[in-house]
Every structure is written in structure tokens, then in C-alpha cells.
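To start, the structure itself, in C-alpha cells.
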Amino acid sequence: MKASRQTISYLTKRFEEVGLSPNKKHGQNFLIDLNIVELLARSAQITPEDVVLEVGTGTGGLTALLAPQAAHIVTVEIDQYLHQIAREELESFDNITMLKQDALKNKNKIAPNVIETIQYHLDKIPGSRFVVAANLPYNIATPLISNLMRTEVVPETMTVTIQKELADRIVAKPRTKDYSSLSVWMQSLCDIEIVRVLAPSVFWPRPKVDSAIIHIVHRPDKRDKITDIAFYHEFVRALFFHRRKFLRSVLISAFKNRLEKPHIDQVMQQMNMEPETRAEELAVETILEMAELFRQLEMSLSQS
């Protein structure tokens with residue numbers, strides 16, 4: 001069972017046959033360097049126990065490479081024409097579920113049907129694990145990666161191609177221009193590695209920026225340190241909403257109508273922080289500690 005090798009000559013010919021061209025609105029950039037496609041597949045480390053989510057089926061090239069290694073593939077494609085092309089390419093496989101839809105319900109939530117389909121196959125296959133492997137459409141990469149860490153079933157690993165700029169943000173350290181709420185959120189829950197930086201020439205059409213393969217490993221021991229995931233996610237986003245402002249004023253704004261200024265000062269003093277401190281200077285461990293202090297303070301005040 002093998003689908004066609006998705007080279008640029010194959011893709012251009014296939015698109016001409018059906019009178020299509022890549023859709024910029026859907027962030028369609030197809031991997032045409034077969035060595036990179038194979039590197040992405042190898043880096044995902046798929047096993048026969050894995051239920052794999054792929055977002056952006058495209059014409060099915062990566063799907064066909066992953067399917068023989070996995071227990072089941074759930075692949076999502078929003079474009080009806082690509083969905084049909086991929087269906088024809090992948091018809092010989094019996095362990096692929098193809099969904100024609102947006103993978104996101106909105107920018108803050110994964111589409112429920114995607115998670116329900118993943119959960120169905122996890123329940124059906126004893127001992128299986130959930131992983132993500134995909135050449136992600138640029139326009140959904142950030143919300144997809146971020147929100148998958150908040151779903152009912154969290155992927156054990158994510159191995160995806162994304163814009164290099166986004167990869168740099170995810171792995172960024174404090175006091176750098178790329179350090180953001182996304183950096184803190186992902187590093188609080190995962191170990192992250194940039195596998196390879198990719199030149200525009202490995203895609204068709206060529207994007208205007210470099211890309212990267214990134215490998216993300218969920219760490220349950222890190223997650224266990226966060227008492228309330230929803231509170232922490234909201235706290236981190238609020239912290240970086242005005243990243244250049246002093247931390248005290250950011251916190252006062254974040255907890256408006258919830259905490260008084262003396263409460264903000266209390267926590268900052270507890271952590272030996274100066275009023276001129278900025279969020280972008282704080283290590284992930286410090287933000288974790290501060291978030292928990294504020295959570296406990298809010299709880300104690302609501303109970304008094």
C-alpha cells in the first residue's frame with residue numbers, strides 16, 4: 001500500500017488535472033522535498049500503538065508515509081478538493097479516518113469532532129497513545145499547538161512543520177525578543193526541540209519565510225505542578241498582554257475587580273520583585289510560582 005510520491009512535478013500535474021492552484025487563505029504550502037517529509041515522519045517516532053492526528057492532509061503524501069507505522073491516522077483537511085484528491089490517493093489504507101472540516105472550532109478551541117474521533121480510536125485500541133504529526137498550515141499553527149495542550153486528551157508528542165518565527169517563539173528564553181506567553185505556556189508543560197530549519201525551497205509554493213520541524217514532548221510531571229490549568233493559561237496570557245509595561249501595572253489590570261492593589265503588592269513582595277520588573281524578564285519557574293500564589297490568594301479571599 002503506497003501512495004504517489006508527492007514531488008513538485010506530481011503536484012503541479014495533479015493540480016492542473018483538476019484545474020486547481022494552492023489556496024493562500026488555507027495556508028497551503030506542500031512539502032516537496034521527500035527527504036524532509038521522511039525526516040518529519042522519522043522525528044515523529046510513530047509506533048504501532050499510536051493514534052496519530054494530522055492536520056492539513058494536503059494530497060496525502062505524509063499520511064501515506066505514516067499510516068503503515070501507526071495503529072490509526074485521523075487526518076483533517078478543510079479544502080474539499082484536496083480532501084477528494086487525498087481520498088483517492090489513500091483509498092488502499094484501512095487505518096485512516098479522513099475528516100473534511102476545520103480543525104479549530106475557533107481560535108481558542110479545537111473542533112469537538114476532531115477530539116471525539118481521536119478519543120474513539122484511543123478507546124478502541126488498548127494501550128494506544130495520542131500523537132500529532134503534520135505539515136501544519138501556517139495560519140492555524142499557533143492556536144492548534146497551544147489549544148491541544150488544553151483538550152480532554154493531550155497528545156504525548158507533537159512533531160510538526162511551522163514557521164521558524166513561531167518555533168523561535170516557542171523555545172525562546174527570558175529577556176529575548178521572542179519570549180512570550182506562548183513560550184511560557186508550552187515550556188511549562190513540555191520539552192521542546194527544533195529538529196531542523198527548513199528553507200522556502202522545500203515547499204511548493206515557496207513561502208516568504210523559513211520554516212522548522214519542531215518536536216514537542218508533553219511532560220505530565222510538569223503539568224502536575226500546575227494546580228489549575230485554566231487559571232494558569234489565563235494568567236500567562238494576561239501577563240504578556242502588554243509585555244513592555246511594568247509587571248505591577250499589568251497585574252493590577254489582569255486582576256481588575258478581583259484583587260486590590262495591596263494584594264498585588266503582597267504577592268510581589270513575597271516573591272522579592274521590584275515594581276519595575278517586566279514579565280519578559282521572568283523565568284518559567286518564577287511565573288509558575290507567582291501564578292500559584294495569586295490562585296491561592298484569590299481562593300482564600302473568596303472563602304473569607
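The values are calculated or read from the model by the stated rules, or taken from the named source; none is laboratory data. Keep in mind it's a predicted model, so treat the numbers as computed, not measured. So basically every Cβ, Gly included, is an ideal-geometry build from the backbone, and we count neighbours across all protein chains shown.
Taking the stated definitions as given, is THR286 out of contact with any Gly (no Cβ under 9 Å at 6 or more places or on another chain), at pLDDT below 95 and closer than 27 Å to ASP191 by Cα? So THR286 does not fit the description; no. Please indicate, with yes or no, whether at least one residue in segment 115-128 is within 20 Å of PHE30 (Cβ to Cβ) and crowded, with 22+ Cβ neighbours inside 10 Å. Within segment 115-128, not a single residue is within 20 Å of PHE30 (Cβ to Cβ) and crowded, with 22+ Cβ neighbours inside 10 Å. Within segment 78-119, if we keep just the residues that are within 17 Å of LEU65 (Cα to Cα) and of a type in the set (Ser, Thr, Tyr), the residue that is modelled with the lowest pLDDT turns out to be SER92. For GLU54, the test of being assigned by TED's automatic domain parsing to the domain that holds GLU156 and either in a loop (DSSP other than H, G, I, E, B) or surrounded by fewer than 14 Cβ atoms within 10 Å (Cβ to Cβ) (or both) is failed. The set of residues in segment 91-114 being surrounded by fewer than 21 Cβ atoms within 10 Å (Cβ to Cβ) and farther than 22 Å from ASN147 by Cβ consists of GLU91, SER92, PHE93, ASP94, ASN95.
Among the conditions (1) touching a Ser or Thr at 6+ places or on another chain (Cβ under 7 Å); (2) closer than 21 Å to ILE214 by Cβ, LEU90 misses just one, which is (2).
If the condition is being among the acidic types (Asp, Glu) and either in contact with a Phe, Trp or Tyr (Cβ under 8 Å, 6 or more places away or on another chain) or not assigned by TED's automatic domain parsing to the domain that holds ASN113 (or both), then segment 126-177 contributes only GLU156. When ALA44, ALA70 are screened for being modelled with pLDDT of 95 or more and within 20 Å of the chain's Cα centre (by Cα), only ALA44 passes.
Of the residues making up segment 176-210, those that are assigned to a loop (DSSP other than H, G, I, E, B) and either more than 16 Å from VAL236 (Cα to Cα) or of a type in the set (A, V, I, L, M) (or both) are THR176, LYS177, ALA199, PRO205, ARG206, PRO207, LYS208, VAL209, ASP210.
Residue pairs whose Cβ atoms lie under 7 Å apart, sitting 6 or more positions apart in sequence or on different chains, and linking a residue in segment 176-201 that is at pLDDT 95 or above to a partner that is part of a helix (DSSP H, G or I) and of a type in the set (Gly, Ala, Ser), are LEU182/SER146; TRP185/SER146; ILE194/ALA167; VAL195/SER43.
State whether one or more residues within segment 135-157 are among the β-branched types (Val, Ile, Thr), in a loop (DSSP other than H, G, I, E, B) and farther than 25 Å from PHE240 by Cα. Yes, some residue in segment 135-157 is among the β-branched types (Val, Ile, Thr), in a loop (DSSP other than H, G, I, E, B) and farther than 25 Å from PHE240 by Cα.
Only one entry of LEU297, LEU247 meets the criterion of being of a type in the set (A, V, I, L, M), in contact (Cβ under 8 Å) with a residue 24 or more places away in the chain and out of contact with any strand residue (DSSP E or B) (no Cβ under 7 Å at 6 or more places or on another chain), and that entry is LEU297. Just to be sure, is MET290 surrounded by fewer than 14 Cβ atoms within 10 Å (Cβ to Cβ), part of a helix (DSSP H, G or I), over 24 Å from the mean Cα position of the chain (by Cα) and of a type outside the set (S, T, N, Q)? No: the conditions fail for MET290.
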